[in-house]
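See structure below.
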Amino acid sequence: MEKDLKYYLNLNYAIEIKKIPEDLGGGWEACIPELGREAFRADGDTPEEALSKLEEIKSELFQMYLERGVSIPEPEEGEFSGRFLVRVPKSLHKRLSERAKREGVSLNLLVNDLLTEALTKREIMPHLARVTIHFGVMEPRRVHALPAAVKTVRQNIKGLKEEVLVA
């Protein structure tokens with residue numbers, strides 16, 4: 001089977017949908033963590049609108065990847081149930097529960113978001129360091145200050161032409 005745009009669009013990627021707190025503008029966010037939480041993310045006033053926008057983004061990015069020969073990861077298959085038990089100190093359990101209540105989400109959703117965010121940061125920090133140094137956002141000796149440069153990097157990347165992103 002030829003792995004064209006239609007092939008990739010029909011793959012069953014896991015999608016996460018979460019409510020955006022009112023103090024952050026409200027609405028809903030949908031993302032495909034397997035493909036990149038930041039790149040494959042959309043929001044809308046309803047879950048359906050967020051999903052519709054996410055499908056548009058997925059189609060546009062897949063098309064660009066295919067045109068440029070960028071590999072597209074396929075959904076992972078395996079023996080992962082999506083469940084595991086983690087023991088935490090009572091004090092951490094309390095803090096997490098209180099925060100979930102403040103944010104109006106379940107404890108499960110909060111922990112899932114926090115784990116995904118932390119893992120994503122660990123995975124992208126080495127790459128982000130090279131990008132920030134390459135584009136002159138910061139000097140190599142200041143890479144330890146990388147989290148503070150993320151906003152600047154995002155602004156710079158938004159202004160780049162597509163051909164620069166491939167390099």
**residue 118 being in contact with a Ser or Thr (Cβ under 7 Å, 6 or more places away or on another chain) and either small (Gly, Ala, Ser) or not assigned by TED's automatic domain parsing to the domain that holds residue 2 (or both)** = no
**Message:** Looking for something closer than 22 Å to residue 119 by Cβ and among the basic types (Lys, Arg) - is there at least one such residue anywhere in region 64-86?
**Reply:** yes
**Asked** Which of the residues belonging to region 70-112 are exposed (fewer than 10 other Cβ atoms within 10 Å of the Cβ), under 22 Å from the mean Cα position of the chain (by Cα) and closer than 30 Å to residue 3 by Cα?
**Response** 71, 76, 77, 78, 80, 81, 82
**Request:** Give the residue that is farthest from residue 43 (Cα to Cα), with candidates limited to residues of region 1-32 that are assigned to a loop (DSSP other than H, G, I, E, B) and hydrophobic (A, V, I, L, M, F, W, C).
**Result:** 1
**Request:** Test residue 65 against the criterion of being free of Cβ contacts under 8 Å to residues at least 60 places away in the same chain, closer than 25 Å to residue 122 by Cβ and part of a helix (DSSP H, G or I), and give yes or no.
**Result:** yes
**Asked** Residues in region 140-152: is at least one modelled with pLDDT of 65 or more, part of a helix (DSSP H, G or I) and of a type in the set (Lys, Arg)?
**Response** no
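The values are calculated or read from the model by the stated rules, or taken from the named source; none is laboratory data. No experiment lies behind these values; they were computed from the predicted model shown. All Cβ positions, even for glycine, are placed from backbone atoms using ideal geometry, and neighbour counts span all protein chains on display.
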